[in-house]
Number of protein chains: 4
Amino acid sequence: MQPENISEKKAERYEDIIRAAFDVFIKKGFHQTKMEEIARKAGIGKGTIYEYFPGKKELFCGMVKECMTWYFDSIRQSTEHGENFRQKLENMMDAHIKFAMHAKKLTSLMSHDFTYISRDLHMWIMQGQKKMIGLVEGILRQGIDEGMLRPIDVHLAAVMFLTSWRIFFAESVFNDNEDAELSLEKMKEKTLDILFHGIMNV
Amino acid sequence: MQPENISEKKAERYEDIIRAAFDVFIKKGFHQTKMEEIARKAGIGKGTIYEYFPGKKELFCGMVKECMTWYFDSIRQSTEHGENFRQKLENMMDAHIKFAMHAKKLTSLMSHDFTYISRDLHMWIMQGQKKMIGLVEGILRQGIDEGMLRPIDVHLAAVMFLTSWRIFFAESVFNDNEDAELSLEKMKEKTLDILFHGIMNV
Amino acid sequence: MQPENISEKKAERYEDIIRAAFDVFIKKGFHQTKMEEIARKAGIGKGTIYEYFPGKKELFCGMVKECMTWYFDSIRQSTEHGENFRQKLENMMDAHIKFAMHAKKLTSLMSHDFTYISRDLHMWIMQGQKKMIGLVEGILRQGIDEGMLRPIDVHLAAVMFLTSWRIFFAESVFNDNEDAELSLEKMKEKTLDILFHGIMNV
Amino acid sequence: MQPENISEKKAERYEDIIRAAFDVFIKKGFHQTKMEEIARKAGIGKGTIYEYFPGKKELFCGMVKECMTWYFDSIRQSTEHGENFRQKLENMMDAHIKFAMHAKKLTSLMSHDFTYISRDLHMWIMQGQKKMIGLVEGILRQGIDEGMLRPIDVHLAAVMFLTSWRIFFAESVFNDNEDAELSLEKMKEKTLDILFHGIMNV
DNA sequence: GATGAATGAGCGTTCATTCAT
DNA sequence: GATGAATGAACGCTCATTCAT
């Protein structure tokens, strides 16, 4: 067999393993996943994985990087062909949605490890979040009734409002400075400003 | 010793354990955390934990529920005292920020298990997200330059734009119906509409 | 309180614990039995047991010795009042049956476990059984001297006589009916009949 | 390596483990036996046992069943080649003695403990014993039909016959001398003599 | 003396990794 | 190169025992 065939075969194997790893890690989370199951799913022996990856961690990282690289690349490419800013933002969103449909559960893998720790806890938290969404929906509906708000989709707006909070977690990671509280106040106002008035010029 | 003192002491111990569990679970994630370390942190013996919790899972769930109950409650209460819808939304955000400052890393515990699997991977993904934020910031800046957008904080708006995508994952969990793609198209437009024009009536 | 009352109370407690230990050990075996359950059954605190016994092993041994002493004594006494060898053997069997009915499961409890729990206890019981064998041997020898018995191997016959008692345990497992005592009487007679006259036709 | 060699090796390992388990369980009892010691005795790693048995309980049960199957089988076979009832009873006793010499302490191991270890195993063994009783009953009934035996209670006599075997276990403890087999032969004859003709003078 | 909360040695079991075939 | 049987470090959990109250 020719050398190119060999390395072709190797590359194929590599892909098989990544794919199998993706499937199982997604379904069970990192710690509940056993190397043996990945091997079985890939149709190879347990030891063979170690010919391609030094260990479980590296396999996991390799798999995530593979996925995320594809994701990041498709997002980047999507911005290269829009005519105006709006077109570009829409293209990005399209690219994201396309990815999301294909790898729905990747984020769930990356979030909520405890889905696998306790289904009850997971449900309990989902219930809590649903109640919070309902709470915000009620407030928004009140705003619409009072004529203050446009007749927007209250559910979607509620979710956006709540997800926008994540900024405070994400940002606080980067901004660990002393005047954190000050900038938080400003962030809050800016966030509400965008939510209330949008980013467009009138 | 009087019975009230005993149950007081028990309640105190319970709190000690929850606190120690919080610290260690936050720092290491569920699977990397050893019961012995929690015990050490709580200043008690390994076996003592099992006098208060049936097992590791239950301790974890107890800890999360304790935190989230406090969070949910404070959010709910925050909406009871606002005069108008805007006041209420602000109150909610304040309550959230207060919690976020106190339990910064709780969400990171609940999301991204792989922070603990590989610091490198975590950093790599953060870099990717930063690049994406930069990408969006550039597009938004272009929009401002073109006079289409208000002189908003492009960083904040970029993050909001990106976090708003989570809706598609979150929603897809609830809407597993056939016409998912159709509703996705609508969701996209509605999301962009809110982002562009805000929720306020003009 | 007077000292004799105190030691009276102590003796009473001691008995309570032995009785509770008997109940639980019989029901669950040595290793499955938890000290806490014995304490609960005895209506005292867990630590109190250790005021009366150095540990679990010693409690078990104490309980077994108490029972077996009573058993051995009743067997010995039963041989003191028979007129002839047959009467004595019957008395022994009666004494055994009476004990067996009261402590059906004790023998099964004892049979193996405690060889490993306490070599001393094992030896002690072996000694007791040896004495019993000697007792029966004496009776049989008397029978031979009186010309009533053939010049059989008294040791072997004694062991056979004693092992034949196990029937009462084995059978009682299958026959848990009301008229158990009646059928026991019949069994005794049949057993002695076979022992005395053999199974062969003459 | 050929597949037959592999399964040969596996079967060999299986036997090694059973044998090691037998040795240690017999010497120490179920609860005092540590998996690690069995592994050491079998010359393998601790984890390897779990490739062959799901757990400690199952290993114990497997070991007991292996032994008892061999025992029950040898007893059954022994009754197939006797010409008359006496020959058959003698064959049974021979088979038993052969087993008893090989596995002196097995019965004492089995007697109680595993009621709590595995109800299934307990039932399984009870079934085996019931079959053995039935076997002897049949032989005795044959003897009665042939006019050789008195119309005794065959069930009781069968149980007595079987329990009398315990002598060989009990005695062998005291007589560990070289000529054990010789004295066993004598014991067998004496035992049968008493069983057949009783102890009474005619 | 009596208690029961606290303890920690000890063990069964898992599973990522290795290496002889 | 591919395999999977073998491995043993690691950890959750139990429960006899202790000792402060």
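At-a-glance table
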| read-out | value |
| --- | --- |
| Residues that are assigned to a helix (DSSP H, G or I) and of a type in the set (S, T, N, Q), drawn from the range B:45-79 | B:THR48, B:THR69, B:SER74, B:GLN77, B:SER78 |
| Residues within the range C:120-145 that are of a type in the set (S, T, N, Q) and either in contact with a His (Cβ under 8 Å, 6 or more places away or on another chain) or modelled with pLDDT of 85 or more (or both), tallied | 1 |
| Residues being among the small types (Gly, Ala, Ser) and within 8 Å of DNA strand F (Cβ to nearest atom) - total across the range B:46-68 | 2 |
| Boolean, A:ARG86 is of a type in the set (Lys, Arg) and facing chain B (nearest Cβ under 7 Å) | no |
| Search result, residues across the range D:163-202 that are buried (at least 17 other Cβ atoms within 10 Å of the Cβ), assigned to a loop (DSSP other than H, G, I, E, B) and either under 20 Å from the mean Cα position of the chain (by Cα) or modelled with pLDDT under 55 (or both) | D:TRP165 |
| Residue list for the range A:19-44, filter: near DNA strand E (Cβ under 8 Å from one of its atoms) and assigned to a loop (DSSP other than H, G, I, E, B) | A:HIS31, A:GLN32, A:THR33, A:LYS34 |
| Condition check for A:ASP94: under 30 Å from A:ARG119 (Cα atoms), away from DNA strand F (no atom under 16 Å from the Cβ) and either in a helix (DSSP H, G or I) or within 11 Å of another protein chain (Cβ to nearest Cβ) (or both) | no |
| Any hit, the range D:98-119, residues being surrounded by 20 or more Cβ atoms within 10 Å (Cβ to Cβ), under 15 Å from the mean Cα position of the chain (by Cα), at pLDDT 85 or above and within 14 Å of chain C (Cβ to nearest Cβ) | no |
| Residue within the range A:67-83 that is within 16 Å of DNA strand E (Cβ to nearest atom) and over 26 Å from the mean Cα position of the chain (by Cα) present | no |
| Count of the range A:134-143 residues which are more than 7 Å from chain B (Cβ to nearest Cβ) and surrounded by fewer than 17 Cβ atoms within 10 Å (Cβ to Cβ) | 3 |
| Pick from the range C:7-45, criterion under 11 Å from C:LEU59 (Cα atoms) and within 15 Å of DNA strand F (Cβ to nearest atom), ranking: farthest from the other protein chains (Cβ to nearest Cβ) | C:ILE17 |
| So B:ASN91, is it more than 24 Å from the chain's Cα centre (by Cα) and away from DNA strand E (no atom under 16 Å from the Cβ) | no |
| Number of positions in the range A:72-83 that are surrounded by 18 or more Cβ atoms within 10 Å (Cβ to Cβ) and more than 8 Å from every other protein chain (Cβ to nearest Cβ) | 1 |
| Residue in the range D:146-160 that is at pLDDT 85 or above and away from chain C (no Cβ under 11 Å) present | no |
| Residue tally, condition more than 30 Å from A:ASP94 (Cα to Cα) and not basic (Lys, Arg), over the range A:30-76 | 22 |
| Answer from A:GLU51, A:GLU4, A:GLU58 - the residue that is within 16 Å of DNA strand E (Cβ to nearest atom), more than 13 Å from chain B (Cβ to nearest Cβ) and at pLDDT below 95 | A:GLU51 |
| Test: residue in the range B:30-43 that is closer than 30 Å to A:ALA158 by Cα and out of contact with any strand residue (DSSP E or B) (no Cβ under 7 Å at 6 or more places or on another chain) | no |
| Test: residue in the range D:9-26 that is buried (at least 17 other Cβ atoms within 10 Å of the Cβ), in contact with a helix residue (DSSP H, G or I) (Cβ under 8 Å, 6 or more places away or on another chain) and at positive phi | no |
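The values are calculated or read from the model by the stated rules, or taken from the named source; none is laboratory data. From a predicted model like this one, the values you see are computed outputs, not experimental measurements. FYI the Cβ positions are ideal-geometry reconstructions off the backbone, even for glycines, and counts take in every protein chain you see.
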